[in-house]
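Trainee: Quick one: the structure is below, and I'll ask about it shortly.
The values are calculated or read from the model by the stated rules, or taken from the named source; none is laboratory data. Just so you know, these numbers come straight off a predicted model, no measurement behind them. Every residue, glycine among them, receives a Cβ derived from its backbone with ideal geometry; neighbour counts consider all protein chains shown. To get the accessible areas, we keep the full protein, side chains included, count just its heavy atoms, and leave off ligands, DNA and RNA. Shrake-Rupley method; radii C 1.70, N 1.55, O 1.52, S 1.80 Å.
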Amino acid sequence: MSMRLQNTSGEWINRNNKIKFSFEGKDYEGFEGDTISSALWAAGEKVLGRSFKYHRPRGIFTLANHDVNIMVTDGVDTNIRADVVQVKAGMKLQVVNVDGGVMADKKRFLDSISALLPVGFYYKAFHTPRSLFPFWERIIRNAAGLGVVNFNYPRILKKKHYAHYDLLVIGAGPAGLSAALTAAREGLEVLLVDENAKPGGSFAYDNAGNSAHHAQLANMLSEAQSLPNLTVKTNAYAAGYYADHLVPIVDESGITKVRAKAVIVASGAFEQPPVFRNNDLPGVMLGSAAQRLIARYAVKPFLKGVVVTANSYGYRVALDLIASGVEVAAIVDMRAGGETDAIASVVANKGIKIHNGACIYEAVPVSGKLGVKGAIVADYDEASAQADTQKSIQIDCDGIVMCAGWAPAAALLYQAGTGMRYDDQIHQFVPSRLPNGIFAAGKVNGVFGLNQRLQDGARAASDALKYLGYVGNDTTVESFAGSSPSHPYPIVMHPKGKNFVDFDEDISVKDFIHAAQEGFDNIELMKRFTTVGMGPSQGKHSNMNAIRILARIRSLPVNKIGTTTARPFFHPTPIGHLAGRGLHPHRDTPLHQWHAEHGAVFTDVGAWKRPAYYKVDGQTKEQSIQNEAKAVRSAAGIIDVSTLGKIEIHGANAAEFLERFYTGNFKDQRVGRSRYALMLDESGVMVDDGVACRIAENFFYVTASTSNAAAVYREMQRWNQIWGLNVTFINVTGAYGAVNIAGPLARKVLQKITLLDISEDQFLLGAVADTSIGEIKARVIRVGFVSNQAYEIHVPASSVLKLWNLLLDSGSVDGRVKPFGTEAQRLLRLEMGHPLMGHDTDGLTNPFELGADWAINLNKPFFIGKRSLQIIRKRPLLKKLVAFSFKPYFQGPVPCECNLVISKSGQIEGRVTSLSLSPTLQRFIGFAYVSPVNTKLGDVLSIRTDSGQMVEAYVVQSPFIEGD
Amino acid sequence: MKLLTCPINGVRPLSEFVFGGELRDMPEAECSDKEWADYVYNRNGAPGLKKEWWYHSPSGTWFVAERDTLTDNVARTYLYEQEAAK
């Protein structure tokens, strides 16, 4: 039968647009604006899902995004929350967590054997023998879980937005609306968010049978619309609080990361169920759920109902039920004194029977527990939480609403570091100490009356205004009057149990008692043992009762039990919202396009993309690399070294700075010469190396390795903060590009295109000169890293391609100048006997181990790492880098880099750091760390290969080749 | 801490900054080996107010932040040389 009401003022449904959909294979019709649950409830369906553990039938409970037993799937999305997701035309919905449909669920037998499945059962029963656990685990995991994961889920990228506001107000109920308006009137840029489809909160549905206050709400909403500096965002929830007022706002389309200067949390309170036997039957719902059904969706919750209450709110709900045509059979007030407010007589005057000091001892189920047919009402002793069933009566009804109190929706406040205290007057946790810039208003702040909440919102806004340096008006909030909105212990004991505390996980009162008996009597331990609050609703309707129960078990005040902090996100958020786009920023050299067009296979070096080698059709990677290296040895090769760090150091103290920063001498360096620059950290470990060119008396041009360039520049700046020398640094890494031309024909090729005299006796190793190559202003450095004849040519980034082509053209006459990549470069420098920083060294290598003593001047008054080297030098070396090779005609398996060198006694002696096939020598060559006693020419080192087989190599002279 | 105040550029998001470690005084070169090793290898991890190096990367500005590592509150930030000049 249809439970739909006549047109209701303020309803959210559009009766002109009917929506057809199916649920469990049956066709239904709802209206646009209906949620899945409200459309089904309007059609008279009450069994909308099954519980997680016992597979008990469940219906509407909160209608506030916490009905986690009512999860459905449309075949694509796994766990759709039917209580809040709007129904769409053509939806084909199935209930999750059932085996054979929601009515005939094969697992419903679990409810009848629940006594065999107490909390902790799985931990205990299947713990031993351990070998069998995987077997049980499979069965348990099959039985547990909600929806089935859809592995064909489409990849949906959701947007990530950023927004900045002066003030973020969370919750558009009376307090939040009032706060947002007050702040916006003073000119603040305000964002007001609410998770519901429309703003207003309880302002719009908590009517007590009289909607006169809707005019005030309408006025506030129209003012909100008229203020250009106030943005109202609905269907969006604040998902968490992060430092410095960063709050992700989640809506269907994605996440907006909002940074506000101040935040007002007006998130309201979660209604909490009283705990009695069968309080989970379909038809038993929270008072606020009944009000939402009526006001938002014009759906009658049931035909004849009982209101069990412990506050004045229950009486307001009763009046709404009466106004919607529900027959209210009785009000059961758990408080011995009943309701003191005048509203009690308003209800009594309508002929409703009120039972004070009474409770619902149990709800009486219809067959199959598919609904409720009555309530057993008994006298209730608040002190002992026991019902006296001697004079109990059964009241026939098809629905029960529950109004026992509230728990603050304080997750964001907790996350922000708010101190909370338990208020004994209203039996609720309220903020006691708010962090800077965070304010709370309304129910979450312990303020309940409508007028008080409006005032509290204005008060919070005024506090926020003052915090932001504005003049806020002093607003007073009328002090609390009347009965407590929450009952201190709304629990009714029952020998047969099934009085549920946590509906997510089917946890009843006895489970807490058992947990405490087992010793899990701390809130955090109890949470983990019973799993209370660990279901999809994260304890929103169960944690408060769990705390109350634990407090009573331990005979402690609630304040002493404390609470658990709900972590972000506030609601489960789709992975697509959270997933990033896989953006990895990288840097291309000025020649990137050329490399790509010529078959370069790129490798990542720091932030840069560099050609590892140029792929040639019909050649393997290894062949291509060997051929590139051969070209350098036989003619000339060019490599793009634009990625080198390049730092200009200017100033009267430039040489002094370098002497402190690097290990070598620079004061006596002549203009037009370059020197090796080795950088240590304070513990004497090598961190980088490069070349320092003296361009002028007070101007050095320093290179650093590609991946360390930014860090070297940073450290230069930091150290000079301390030293205060007269120097300036300019990081020109991106401003200049560089090309290295190397090989026996390098000089000839380069000489043809420059006026600079680079003849052997004029331009020695280490020489530096500024010159021009064609039209290009260039700086030429004679280097010896990969070849005896090699020139590094630094030019403005915009001219690198021109230079590259000039070199290729010039080389085409005298034979081939071939480009080579980083792989060949590594091989060539190995042949030349040059260790590579970060490759042949690690985070612990000191220069003595590398044999770099020549680069260090310990007689200088200071350089970074000197004091550590003085200590290290006094101690015996632990390892030393040697060059090694294999016997001619070596046939064994070739080791890999990082294979270990094993000593005669079987100990790890060191490791292989570099290994390549030398095309010049036609044999494998490498570097390895070995024991310092094992470094003489011809000494044998045993290397353990990946397969475990040992191979023998021997120490050889470095450099491996004489040069070109 | 998601925002940090650069003494030159004002309040900027943390992603623009690089942490440079605790600001500690280097012992004199004449110190004992033990003192030097202590300086190089040992850090005090106890929570409390620490002076730290921070670097504003886009502008290349090193500065000192006095940060309480327990509460993550930054009491103040300043340029090293400004403080030295005092």
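Trainee: Provide, for region A:1-151, the number of lysine pairs with alpha carbons under 28 Å apart, each pair being eight or more places apart or on different chains.
Mentor: Lysine pairs meeting both conditions in region A:1-151 amount to 25.
Trainee: Rounded to the nearest Å, what's the spacing between the alpha carbon centres of region A:851-880 and region A:38-84? Just the number, please.
Mentor: Cα centroid to Cα centroid, the span is 72 Å.
Trainee: With a 1.4 Å probe and all protein chains left in place, how much accessible area per residue does chain A have, in Å²?
Mentor: On the way: 39800 Å² over 964 residues.
I get 41 Å² per residue for this part.
Trainee: How long are the semi-axes of the equivalent ellipsoid of chain A, taking √(5λ) for every eigenvalue λ of the Cα gyration tensor, in whole Å from largest down?
Mentor: Values: eigenvalues 1150, 215, 152 Å².
So the three semi-axes of chain A are 76, 33, 28 Å.
Trainee: On to the next question. If I fit a long axis through the Cα atoms of helix A:822-831 and take the longest principal axis of the Cα atoms of chain A, what angle between them do I get, 0 to 90°, rounded to 10?
Mentor: Between helix and principal axis, roughly 40 degrees.
Trainee: Still on this model: Quick one: compute a quarter of the convex hull surface over the Cα atoms of region A:499-576 and quote it in nm². Each step should come with its number before you reach the end.
Mentor: Values: hull surface 20.6 nm².
For the Cα atoms of region A:499-576, the hull's average projected area reads 5.1 nm².
Trainee: Mind pulling the angle between the C-alpha long axis of helix A:313-323 and the longest principal axis of chain A? Nearest 10 degrees, somewhere in 0 to 90.
Mentor: The angle comes out at about 70 degrees.
Trainee: Please identify every one of the GluC sites (Glu not before Pro) in region A:752-807 that sits in a loop by DSSP and has no more than 11 other beta carbons within 10 Å of its own beta carbon.
Mentor: Details: sites: A:Glu760, A:Glu775, A:Glu792; in loops: A:Glu760, A:Glu775.
Those satisfying the criteria are A:Glu760, A:Glu775.
Trainee: Tell me the relative contact order for region A:273-404 as a rounded percent, counting alpha carbon contacts under 8 Å between residues six or more apart. Don't jump to the answer; show the numbers that get you there.
Mentor: Numbers: 310 pairs, mean separation 43.6, N = 132.
This gives 33 percent for region A:273-404.
Trainee: Something else about it: Ordered by residue, what ³J(HN,Hα) values in Hz, to whole numbers, does region A:204-214 give under the Karplus form 6.51 cos²θ - 1.76 cosθ + 1.60, where θ = phi - 60° and Gly and Pro are x?
Mentor: After applying 6.51 cos²θ - 1.76 cosθ + 1.60, I find 8, 10, 8, 9, 6, x, 9, 9, 4, 6, 5 Hz.
Trainee: What's the longest uninterrupted piece of chain B once you rule out the GluC sites (Glu not before Pro) that are loop residues per DSSP with at most 11 other Cβ within 10 Å? Walk me through the numbers on the way to the answer.
Mentor: Working: sites that count: B:Glu28, B:Glu30.
My reading of the result: B:31-86 is the longest stretch.
Trainee: Shifting gears a bit: Regarding region A:218-272, what are the three Cα extents along the principal axes, ordered largest first, in Å?
Mentor: 34, 33, 25
Trainee: Exactly which chymotrypsin sites (Phe, Trp or Tyr not before Pro) in region A:853-933 are in a DSSP loop and have at most 10 other Cβ atoms within 10 Å?
Mentor: Details: sites: A:Trp854, A:Phe862, A:Phe863, A:Phe884, A:Phe886, A:Tyr889, A:Phe890, A:Phe924, A:Phe927, A:Tyr929; in loops: A:Phe862, A:Phe863, A:Phe886, A:Tyr889, A:Phe890.
Filter output for region A:853-933: A:Tyr889.
Trainee: Using a 1.4 Å probe and ignoring any ligands, DNA or RNA, find the accessible area of A:Asp77 and quote it in Å² to the nearest 10.
Mentor: Accessible area of A:Asp77: about 60 Å².
Trainee: Nearest-5 percent of antiparallel DSSP beta bridges in region A:240-331? Let's see the in-between values first.
Mentor: Details: 7 of 11 bridges.
Bridges in region A:240-331 are about 65 percent antiparallel.
Trainee: Comparing the chain by itself with all protein chains present, which residues of region B:47-72 are at least 50 Å² less accessible (probe 1.4 Å)?
Mentor: B:Trp53, B:Tyr55, B:Trp62
Trainee: Tell me, which residues of region A:701-731 get at least 40 Å² less accessible area when the other protein chains come in, versus the chain alone (1.4 Å probe)?
Mentor: A:Arg714, A:Gln717, A:Arg718, A:Gln721, A:Ile722
Trainee: Return the equivalent ellipsoid semi-axes of region A:773-862 as a descending list in whole Å, where each equals the square root of 5 times an eigenvalue of the C-alpha gyration tensor. Each step should come with its number before you reach the end.
Mentor: Values: eigenvalues 217, 62, 29 Å².
That gives 33, 18, 12 Å for the three semi-axes.
Trainee: Projected area of region B:3-85, taken from the Cα convex hull and averaged over every viewing direction, in nm²? Let's see the in-between values first.
Mentor: On the way: hull surface 25.8 nm².
Hull-based average projected area comes out at 6.4 nm².
Trainee: A follow-up question, please. What's the total accessible area buried between chains B and A, using a 1.4 Å probe, rounded to the nearest 100 Å²?
Mentor: Working: alone 6030 and 40790 Å², together 44900 Å².
So the buried area, both faces added, is about 1900 Å².
Trainee: Given Cα pairs under 8 Å that are at least 6 residues apart, what percent is the relative contact order of chain A?
Mentor: Relative contact order of chain A: 8 percent.
Trainee: Using Cα pairs under 8 angstrom and six or more residues apart, how large is the relative contact order of region A:499-576, in percent?
Mentor: 28 percent
Trainee: Please list the three semi-axes, largest first and in whole Å, of the ellipsoid equivalent to region A:875-964, using sqrt of 5 times the eigenvalues of its alpha carbon gyration tensor.
Mentor: Values: eigenvalues 81, 55, 22 Å².
Gyration-tensor ellipsoid for region A:875-964: 20, 17, 10 Å.
Trainee: What part of the accessible area of the protein assembly as shown, given as a whole %, is carbon or sulfur when the probe is 1.4 angstrom? Each step should come with its number before you reach the end.
Mentor: Working: 23240 of 44900 Å².
The nonpolar share, carbon plus sulfur, comes to 52 percent.
Trainee: Just how far, in whole angstrom, is region A:727-757 from region A:322-401 if you go by their alpha carbon centroids?
Mentor: Value for the Cα centre distance between the two parts: 92 Å.
Trainee: What whole number of Å gives the distance from the Cα centroid of region A:573-630 to the Cα centroid of region A:281-300?
Mentor: 61 Å
Trainee: Same structure again: Rounded if a/c is under 1.5, else prolate if a/b beats b/c, else oblate: with a ≥ b ≥ c from the C-alpha gyration tensor eigenvalues square-rooted, which is region A:273-404? If you can, show how the numbers build up before the last one.
Mentor: On the way: a/c = 1.71, a/b = 1.10, b/c = 1.56.
Verdict is oblate for region A:273-404.
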